[in-house]
Each structure stands twice: as C-alpha cells, then as structure tokens.
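A.B. asks: This is the structure I want to talk about, given as structure tokens.
Since every read-out is calculated from the coordinates, none of them should be taken as a lab result. Fair warning: this is a prediction, and the values are worked out from it, not measured in the lab. No Cβ is skipped: glycine too gets one built from the backbone with ideal geometry, and neighbour counts run over all protein chains shown.
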Amino acid sequence: MTWYIDQGPNSDVIISSRVRLARNLDNYPFPHRMTGSQTRDAATEITTAFYHDDEGRKSNYLFMDLDTLSNEDKQALAEKRLISTDLAGKGADRRVIISRNEAVSIMINEEDHIRIQSMQPGLNLEAAHQAAAAEALILESRLPMAYSEKYGFLTACPTNTGTGMRASVMAHLPGLSLCSRIKNVVEGLNKMGFAVRGNYGEHSKAQGHLFQISNQLTLGLTEEDLINDLKRMLMQLIEQERNVRRELYEQQPALLEDKIMRAYGILSNARMMTNEEAVTLLSSLRLGLALGLLPQLTASDVNRILSAIGPASIQKAGGRPMTPEERDRARAAVIREIINKTETGGIKE
Amino acid sequence: MKCEKCTIREANIHLTRNRNGVVTEHHLCETCAQEQGVGFNLSKYFDGLGGVKALAGGSIFDTAGGIPAFGTVMEKNTTCPRCGQTFADFRRSGLFGCSVCYDAFADRLDPLMRRVQGSTQHIGHKAHQDAPWQEQNILKKQLTDLRQTLRQAVEAEEYETAARLRDEIRALEARVDAADSDAEKGGANI
C-alpha cells in the first residue's frame, strides 16, 4: 500500500491525509540556534534512540543523511512530500528516516529537532495520527523532551506549541474552483480557524485545484478534538464539493465533458509537457474519474502520474542532468506510458 | 508570510479574532489592510462579525502604521540564560531559541499564546508519564515491525533471516505476555 497512489475513504475529494508531530530535545538549543557540532550530536542522539539496536526497525526504516544526497534526490523526496522543501534546503546534518512503505517519515533538525509525519490515502486522519503518535511515544520514552506541564511540547515556533500537531489533508476542489466559490470557501475556512495553502505547503499556489487544509491551533485542545474539528468541517466541505460537481455536470454536461476529454486527449498524446500544464490537466482527469466519465482509468493512475512528474523525479528517473526541454519530453512520455498502458489493460501493480 | 488578500506583498498586519473562544488569525499587507480599513473600520473586512482586535507589526510584536501592538509597553529585553537568545531576537525571528526561553520570557508569554493559540494551557497528550504502559506499547510496536519484516523475508525467500526473525518474535511475544500479566496483577492491587 502506498499512501500517495492508493485510494482511501472519500478520496474523490480528499486525496491524502497527513499528521505531523513536532518534538524537541530538552538538552540542545532549537535547530536554528545550534552550532555545527550540536546539530550533528543531536542528529546522532535522535537516530540512535530511534533504531535502538532493533532489527525490525533497521529493516523497516531507511535512514538518509541529506548531506550524502544530490540536490535532485533531495528535491525528489520533497516532491513525494517525504521531506519538506525547507529540510532539503537547510545546511549540514539534516537527516530523515523513512518507513519502507513511505507512510511515515521522521525529519531530523528541521525547524524542530524532530518532525514525525504520517500519511494515509483519502480522509483518514485518525490512522495517520495513530501511527505518528506511536513513533512519538517511542522517542519520548528514550529522549529528554522539551516539555512543560503548562505549555505542553515546546517548539521553536509558538504556532506549534502544545500538541505540536498539524493535521492536514490534500483536497481536490475543482467544482468549487470552477464555479468561483473557492475564494469564499477559503475565507470561511480561515475564519473558522483552519489554514488553507497551495499544494506544496506554505507560500505555494494551488495548482490543479489542490489545496492543503490544516488545523491552525495546537494548544488548549486535545489531539483528538483538533482532528475531530477538522474532520467535521471536511465532511461538510466534501458534501459541498460533490454537490457543486453534480450541479455543474447537470447544467453544462457538454462543456464539462469537453474539458475533461480534451485533457485526456492531450495527456495521452502530447510529446512535451511542463509540470504546471500536467498538474492542471490531471485535475480535469481526476474530475472526470469522479464523474464516471473515464472508466478505463482509476484515480490511482492519476496519483501514480502525479508522483512521477515533478522536475526532480523526472530527472532522477532519467539518471542524468536534463535541460527543461528534455524534462518536458520525458514527462510527456511518462504520462503517455501510464495512461496508455492502463488503456490496454496493462500494468497493475 | 504573504498577505492573504493580494498574496503578493509580505503580510505585516496580523489580526486576531476571538469569537466564543474560537480564535482566528488574518495576515494582511499594509496596503490591503488600509484598503480594508483595518484600524478604522474592521467590520468592513469581517462582514460585521465584530470582536476583532487589530495587532500590527513587522513581527507579531512591533508597531506599524500607528496601530499599537502587543508588546510595545514592555521595553525590557530579557536574555535566555541558557541559549543567550534575547526577547528582541524572538520578536525578530518569531522563534524561541531553546526550551528554557519559554521560562525566561514567561511573563510575556501568556498574552502571546492567548493571541496566537487562544489558550495558555496544554491539555493534549502528556510526555514524561510513568512508563510501564509506554514500554508495553513500544514492545508491541516492535513486534508489529518484526512481523512485517518476517513477511518480507518470507516473500523474498530469505529463509535464514526468516528463521532468525521468528525466534526474535517469539522472544518478544513472551516479554509482551509477561508484561501484560504483570500489568493485570498490578491493576488488581489498586
């Protein structure tokens, strides 16, 4: 099972769920104030506590020292959301531990010493939280934690203090976007205390009608309450998005079908494609799947394409430095391969 | 952070709204804030929802555009005894230097937390709890991991590894069982 390819509960609207827990060591300054040797020592301490000479963990969790990775490798991990772009761009002694199924990753020396994130396909914040909390518990029992009875888990930024938890989902909202209601929805969500961002986190644009929605508060509520509040809101959002899609399709079937089938036509035939164009067209394709217009494809095919077409992922698959033009050719080829093989009943993993 | 309205300029006006205990934040640049009448007519921006306090600044504390901000009355610059970060550093970066900073800046934290988080008291999962049940959970997690590895080893036809893993799993299962029955006994005594 791979969280970024598989489908889960409500995955016609919610593509994936993620829960991140921030933890810090009590015996070091926070990462932005550590010296080089402190950064290295903290990383070693965390890694040792994580593996604890445990054979199961050693074979189930891959350890990566970011210093040993090329920029493409780091960016490819960021494109898969296994590390943050922030961690990829930071200095020496940043590390990451990734579970073999890629559902859990532990970033070391990001803004906080430890950032545990756990992902699930579809809307399944509870399962994501459970997995992250299990990892946190292990580290908490083996390391001196920065924690106070009053403020809970102490983090570098006061916006994470308390639970240190950010629960978020990647939502695909083409219906609300196409009928121009998205601006009001986003404003409404902000007013209700939820953060809405573009699909690659802070400061990024919402390409392909993909939005990252998360809790803003981390203190004064339990993890369960934070997740339940977010989930309750999301269930309403999902209903709204489904209704709008249905209305749009009932009102203008030809227009919507044309948009979707054109996207399909371009994706299955184009010889060059930028990442931005692909992400936009894949959004139409995903909408078409939800409306039952493309029986030959599944949402997992769209997810598989999305996970493979980022600039760094394309370059990495090519195994050599590529010009943007070469990447666009390679990207178009990857997309055709996945779409057309599925069409002939080919690869199913 | 970019302005939530124009999404182009940096947001240096930060608004907090507390409604029935639910705190929300808005981040605007000066231009958009002025267009929205922040500081003069907040209700315009919030569609008359009311209850809005304007707090402005280059960071969450500073003053800008003549709007008084939180922190302006407190000029004293405390230094964290452990990491050496000053309160001014914190105002600039928005980041604490270490866990001791929370104590060092304690007298200024509650208003900040109330504004950013709407609360000053953690009620979620606690660290440092007495550990027997934690140890149990850890053993069980290790067991799950080992079983998964065993499945992989069998699939890969690595039978030597699989045999070794099976022994490890048996040993661990015995420990979990022992700890479980200990916990039950302990529970009966209370």
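A.B. asks: Sticking with the crude label model, points 7 Å out along Cα→Cβ, report the distance from A:H32 to B:R151 in nm, one decimal please.
C.D. replies: 4.2 nm
A.B. asks: Let me ask something else about it. With chain A treated as a Gaussian network of Cα nodes joined by springs under 10 Å, which of A:D73, A:D86, A:D54 yields the largest mean-square fluctuation?
C.D. replies: Fluctuation is largest for A:D54.
A.B. asks: Follow-up. Using 0.36 nm per residue of separation minus the Cα-Cα distance, give me the extension gain between A:N340 and A:T280 in nm, one decimal. Numbers along the way, then the final one.
C.D. replies: Numbers: separation 60, 0.36 × 60 = 21.60 nm, distance 1.91 nm.
The A:N340-A:T280 span can extend by a further 19.7 nm.
A.B. asks: OK, next. Quick check: residue separation of A:Q296 and A:E239 times 0.36 nm, minus the Cα distance between them. What number comes out in nm?
C.D. replies: 17.9 nm
A.B. asks: So what's the gap between the Cα centers of segment A:244-299 and segment A:49-83, to the nearest angstrom?
C.D. replies: When both Cα centres are located, 35 Å separates them.
A.B. asks: Give the average, rounded to an integer, of partner chain Cβ atoms located within 10 angstrom of each Cβ in A:135-147.
C.D. replies: Mean inter-chain Cβ contacts per residue within 10 Å come to 4.
A.B. asks: Could you tally the net charge around A:I114, taking each other residue with its Cβ under 10 Å from the Cβ of A:I114, Lys/Arg +1 and Asp/Glu -1? Intermediate results must be reported in sequence, preceding the final value.
C.D. replies: Values: positive: A:R23, A:R115; negative: A:E110, A:D112, A:E135, A:E140.
Net charge in that neighbourhood comes out at -2.
A.B. asks: How large is the direction-averaged shadow of the alpha-carbon convex hull of segment A:181-258, in nm²?
C.D. replies: 6.2 nm²
A.B. asks: Using 0.36 nm times the number of residues separating A:E126 and A:N269, minus their current alpha carbon distance, what extension gain do you get?
C.D. replies: 47.4 nm
A.B. asks: Can you work out the Karplus-derived ³J(HN,Hα) for every residue in segment A:100-108? Use 6.51 cos²θ - 1.76 cosθ + 1.60 with θ = phi - 60°, whole Hz, and x for glycine or proline.
C.D. replies: Whole-Hz 3J(HN,Hα) from phi for segment A:100-108: 4, 7, 6, 8, 10, 9, 10, 8, 10.
A.B. asks: Classify segment A:42-114 as rounded, prolate or oblate, taking a ≥ b ≥ c as the square roots of the eigenvalues of its Cα gyration tensor: rounded when a/c is under 1.5, otherwise prolate if a/b is larger than b/c and oblate if not.
C.D. replies: oblate
A.B. asks: Translational diffusion coefficient of chain A at 4 °C, 1.567 mPa s, Stokes-Einstein with Kirkwood Rh over Cα pairs, in µm²/s as a whole number.
C.D. replies: Diffusion coefficient, whole number: 61 µm²/s.
A.B. asks: Still on this structure, please answer the following. Could you sort the peptides A:241-250, A:321-330, A:167-176 by per-residue average Cβ neighbour count (10 Å cutoff), highest mean leading?
C.D. replies: Ranked from most to least packed, the peptides come out as A:167-176, A:241-250, A:321-330.
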